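These notes are about the structure you will find just below.
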Amino acid sequence: MKLALYAGLVIGIVPVQATLSQHIGFAGIRPDLCLVAVCLVGFLTGELEGLLVGLALGVVQGLFSAGDLWLNAMTKGAIGLLAGLAGRHVTNPTSTSWLVALVGLSVLSGLICLFSARSGGGLLEHLLAMRSLLLPETLLNAAVGAGG
């Protein structure tokens, strides 16, 4: 049953992200529904399932985007693993601890993607991109993770 749920998640969330996220984004910045799903799976079920679902979602998302396939897969897998570790070390998981983990992991994922995509840019360019791209995307991910 769990395997069927994860397979449906992996196959279904990328098309949902491609179609619906344009309606809940603003100023051209969209939430990363795959990242939110990977964080949720890892936080609630553990490191291994977070890692495997993250790798699978990263590969599927990478296949349908113009980005680097392996960077996306490794980033989502690492985020799932870290979310699982965070969830395991939280004694009493609450919505606040979930949101703190989601915001932290969203920032980490955004920084990895930002610095890999803009490797030739200077410090000022990275700081401007963090303010104009990373911060709004993190806030959107947190809003989606909080349920709207």
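For this structure, a couple of remarks:
- Qualifying residue in the range 24-31 (condition: within 15 Å of Thr75 (Cα to Cα) and open to solvent by 20 Å² or more (accessible area, probe 1.4 Å)): no
- Looking across Thr75, Thr91, one residue alone is touching a Cys at 6+ places or on another chain (Cβ under 7 Å) and among the hydroxyl-bearing types (Ser, Thr, Tyr). It is Thr75.
- Within the range 102-119, the only residue that satisfies the criterion of being exposed (fewer than 15 other Cβ atoms within 10 Å of the Cβ), touching an Asp or Glu at 6+ places or on another chain (Cβ under 8 Å) and of a type outside the set (Lys, Arg) is Ser116.
- Of the residues in the range 15-30, none is modelled with pLDDT of 85 or more, in contact with a helix residue (DSSP H, G or I) (Cβ under 6 Å, 6 or more places away or on another chain) and over 20 Å from Pro93 (Cβ atoms).
- Entry remark, the range 34-48: residues being open to solvent by less than 50 Å² (accessible area, probe 1.4 Å) and more than 12 Å from the chain's Cα centre (by Cα) number 3 in total.
- Residue in the range 60-101 that is surrounded by the most Cβ atoms within 10 Å (Cβ to Cβ), counting only those that are under 13 Å from the mean Cα position of the chain (by Cα), within 20 Å of Leu5 (Cβ to Cβ) and of a type in the set (A, V, I, L, M): Ala83
The values are calculated or read from the model by the stated rules, or taken from the named source; none is laboratory data. Predicted, not measured: the structure shown is a model, and the values here were computed from it. Glycine also receives a Cβ, built like all others from the backbone with ideal geometry; neighbour counts cover every protein chain displayed. These area figures cover heavy atoms from the full protein model, side chains too; ligands, DNA and RNA do not enter into them. Shrake-Rupley method; radii C 1.70, N 1.55, O 1.52, S 1.80 Å.
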